[in-house]
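One structure is given here, and the rest of the page talks about it.
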Amino acid sequence: QVQLVESGGNLVHPGGSLRLSCALSGGAFSIYDMGWYRQAPGKQRELVAHITRGGITNYADSVKGRFTISRDSAKNTVYLQMNSLKPDDTAVYYCNAAGPFTGAYWGQGTQVTVSS
């Protein structure tokens, strides 16, 4: 059974940086496309960044130029480097894995709060 465990969420001041990590276990990391989503209170969950198993990335317009998604196959981990954080980035961030012929898997979420 695939499991995803996120870490790295924290309270940070506006303009600060955080790096989120998501470790995958119980499956072959290389077959999964990986994504980071977020959900703020009262809002729907939205895609933040996505990286295919081939390394192709795409980002939500709101985070382009500030966030970077990457993956490390040796560590079975996907990262989200977040710079120039804004209060609007406050949300619970979730990791997602989707592979061919498999369902989608979700982590438990990690809280990011941007506040002065």
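The values are calculated or read from the model by the stated rules, or taken from the named source; none is laboratory data. Because the structure is a prediction, the values reported are computed rather than measured. Backbone-built Cβ (ideal geometry, glycine too); neighbour counts: all protein chains shown. Heavy atoms of the whole protein, side chains included, go into the accessibility calculation; ligands, DNA and RNA do not. Shrake-Rupley method; radii C 1.70, N 1.55, O 1.52, S 1.80 Å.
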TODO: Just add up the charged neighbours of W106: K/R +1, D/E -1, any other residue whose Cβ is under 13 Å from the Cβ of W106.
DONE: +1
TODO: Mind grabbing the base-10 log of I(q)/I(0) for segment 72-116 at q = 0.17, 0.29, 0.31 Å⁻¹? Debye formula, identical points on the C-alpha positions, no solvent, two decimal places.
DONE: -0.66, -1.12, -1.16
Open item on the list: Leaving out ligands, DNA and RNA, and with a 1.4 Å probe, what % of the accessible surface on the chain is carbon or sulfur?
Closed with: 49 percent
- [ ] Can you pull the one-decimal nm distance between simple spin-label points at D72 and A104, each 7 Å off the Cα toward Cβ?
- [x] 2.7 nm
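Which value, in Å², gives the accessible area per residue of the chain when a 1.4 Å probe is used on the protein heavy atoms?
On a per-residue basis, the chain sits at 52 Å².
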TODO: Please give the net charge around S21, taking every other residue with its beta carbon less than 10 angstrom from that of S21, where Lys and Arg add +1 and Asp and Glu add -1.
DONE: 0
Open item on the list: Stokes-Einstein diffusion coefficient for segment 50-103 at 25 °C in a medium of 0.890 mPa s, Rh from the Kirkwood formula over Cα pairs: what value in µm²/s?
Closed with: 193 µm²/s
Open item on the list: Heavy atoms of the protein only, probe of 1.4 Å, neighbouring chains included. What is the accessible area of I69 in Å², nearest 10?
Closed with: 10 Å²
Open item on the list: Output wanted: per-residue J couplings in Hz (rounded whole) for segment 63-79, from phi through Karplus 6.51 cos²θ - 1.76 cosθ + 1.60, θ = phi - 60°, x for Gly and Pro.
Closed with: 10, 4, x, 10, 10, 9, 9, 8, 9, 10, 5, 5, 10, 6, 9, 10, 10
Open item on the list: So if I take the alpha carbon set of the chain, get Rg, then get Rh from the Kirkwood formula, what is the Rg over Rh ratio?
Closed with: 0.96
Task: For segment 29-35, 3J(HN,Hα) per residue [Karplus equation, 6.51 cos²θ - 1.76 cosθ + 1.60, θ = phi - 60°, Hz, x = Gly/Pro] - done: 3, 5, 8, 9, 7, 10, x
- [ ] Only residues of segment 16-35 count here: report those whose backbone N is under 13 Å from the spot 7 Å along Cα→Cβ of V5, or say none.
- [x] 21-26
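Please report, in debye to the nearest 20, how large the charge dipole of the chain is about its Cα centre when each Lys and Arg carries +1 at its beta carbon and each Asp and Glu carries -1 there.
Dipole of the chain, to the nearest 20 debye: 80 debye.
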Task: Cα-based radius of gyration of segment 8-58 once divided by 2.2 N^0.38 Å, which approximates compact folds - done: 1.38
